[in-house]
Amino acid sequence: MATETIPVEEAPRTPEEIERHWYENVYQGDRMRQLTPRALIMGMALGAVMTLSNIYVGLRAGWGLGVAITSSILAFAAFSTLHKLFPKQFPEFSILENNAMASAASAAGYMTGEPGYVSKGAIQVRPVMLKLDQADTMMQMYDRFMTSQAMILMSERLIKFAIEHPDWKSVVQRAKVCPTVSGDL
């Protein structure tokens, strides 16, 4: 015969009481190492390695890889091993230290791996062009791509300017940027 435990219902707490409980019993930020030189150095080193791997994989397969989770696992494994081998020289790697390291690594690694960046478009086009045996036209396509990106950016800025300044004709005339703009447009 199994016995079932009935949870004791707590009295409702105010948001201030919940925050105070969290701060006193859960929060470890002031007592645990966070932003340390070893976390930054490991983050920069893993970020550099992950950037190189993103470029390689991007040029070979046209993919970009995530950096934060991979670097967190690698750093935690490295520091756990060092702590087991040399416990006095390498204190335990805290979770907040691992978070700071992952931030540093992802800042470096996502330069080539985050979708939407121009470098990603330039890297991912190459494998397709090589598979289609169109490597000679790759630079022409890249130039067109960059030109279209610049045109889109300039158009976006002009439209934003026109929306923010309904009297854009007088603004342009006062700035004497384009003296041929007339009020009749």
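Things to note:
- Ordering of 156-164, 33-41 by packing is 33-41, 156-164, highest average first (other Cβ atoms within 10 Å, averaged per residue).
- Contact order normalised by residue count of the stretch 9-119, Cα under 8 Å, 6+ apart, percent: 40
None of the figures in this text is laboratory data; all of them are computed from the coordinates on show. Predicted model, so just to flag it, every value in this text is computed and none were measured. Here the Cβ is made from the backbone with ideal geometry for all residues, glycine too, and neighbour counts use every protein chain on show.
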